[in-house]
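Have a look at the structure below, then the notes.
The values are calculated or read from the model by the stated rules, or taken from the named source; none is laboratory data. Bear in mind the structure is a predicted one, so any value in this text is a computation, not a measurement. Backbone-built Cβ (ideal geometry, glycine too); neighbour counts: all protein chains shown.
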Amino acid sequence: MTIHIGAQKGEVAETVLMPGDPYRAKWAAETFLTDARLVNETRGMLGFTGTWQGNPVTIQGSGMGMPSLSIYANELIRDFGAKTLIRIGSCGGMQPYVGIRDVIIAMTASTLSTPSRGIFKELNFAPCADWSLLRAAVAAAEKKGTKTHVGGIYSSDVFYDERPDLNEQMTRHGILGVEMEAAELYNVAARHAVRALAVLTVSDHLQTGEALPSEDRERSFGDMVEIALTAAFA
Ligand code: HPA
């Protein structure tokens, strides 16, 4: 048990999928895992452990934003021995060729500020995905025929952005989409020498204003979960 995760030692698998939304953790566990059981409900941040194709998996909500994700990633790694952490989440599209429902696999994540800023100070550390997971996720997406983009994303600290100029610069520099967690996941994973990846579904688009209707979300998000699970055990 840790401050934020009420599970007992041994109740958390080495492979952890991390959606931002705890209810999506519940949905993904009920939809994709066998014998999923609730292992954490501290602060309502639900976590479930079960198996996928015989492999133990935990699906633990991370909350929104890098400070929240950082708490869960640190405790999962340091106290529960997690070795593979895959964020499954939504993002906003930032390129005209990136469509709603497309999947983005993040090689790297640019960010203005993260809980790791205090460590790096003036250094611009480049948070980067685990290559074996990235390669396996791309292969899984190609096999499924999911429209997928692989490249850089932007991990923002704010959803209601008062600096549209930053989004413009990200778009200009080829960044595929914006979300709020991946950069810190990659930072924490690097610090503890474990594997991390972010597999994202485009839920809205910054330029077109298009947004995924809520009834479409589950089906679209299902591809992302299957890609993440396949990559974890490739
Ligand atoms: N901005 C930040 N985070 C997001 C967005 C967005 O537009 N869409 C999904 N997560």
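Summary of values
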quantity: Criterion violated by Glu142 - all others in (1) within 16 Å of the ligand (Cβ to nearest atom); (2) not in a loop (DSSP other than H, G, I, E, B) satisfied; calculated: (1)
quantity: Qualifying residue in the stretch 84-107 (condition: part of a helix (DSSP H, G or I) and away from the ligand (no atom under 16 Å from the Cβ)); calculated: no
quantity: From Ala25, Ala29, Ala36, residue being in contact with a Leu (Cβ under 6 Å, 6 or more places away or on another chain) and crowded, with 20+ Cβ neighbours inside 10 Å; calculated: Ala25
quantity: Residue list for the stretch 171-188, filter: away from the ligand (no atom under 11 Å from the Cβ), aliphatic (A, V, I, L, M) and assigned to a helix (DSSP H, G or I); calculated: Ala183, Leu185, Val188
quantity: Some residue of the stretch 65-72 being of a type in the set (Val, Ile, Thr), within 15 Å of the chain's Cα centre (by Cα) and not in a loop (DSSP other than H, G, I, E, B); calculated: yes
quantity: Filter result for Gly222 (farther than 30 Å from Gly54 by Cα and in contact (Cβ under 8 Å) with a residue 40 or more places away in the chain); calculated: no
quantity: Residue list for the stretch 150-160, filter: under 15 Å from the mean Cα position of the chain (by Cα) and either more than 15 Å from Leu112 (Cα to Cα) or near the ligand (Cβ under 9 Å from one of its atoms) (or both); calculated: Val150, Gly151, Tyr154, Ser155, Ser156
quantity: So Val194, is it within 12 Å of the ligand (Cβ to nearest atom) and modelled with pLDDT of 95 or more; calculated: no
quantity: Residue within the stretch 161-168 that is touching a residue at least 12 places away in the same chain (Cβ under 8 Å) and away from the ligand (no atom under 13 Å from the Cβ) present; calculated: no
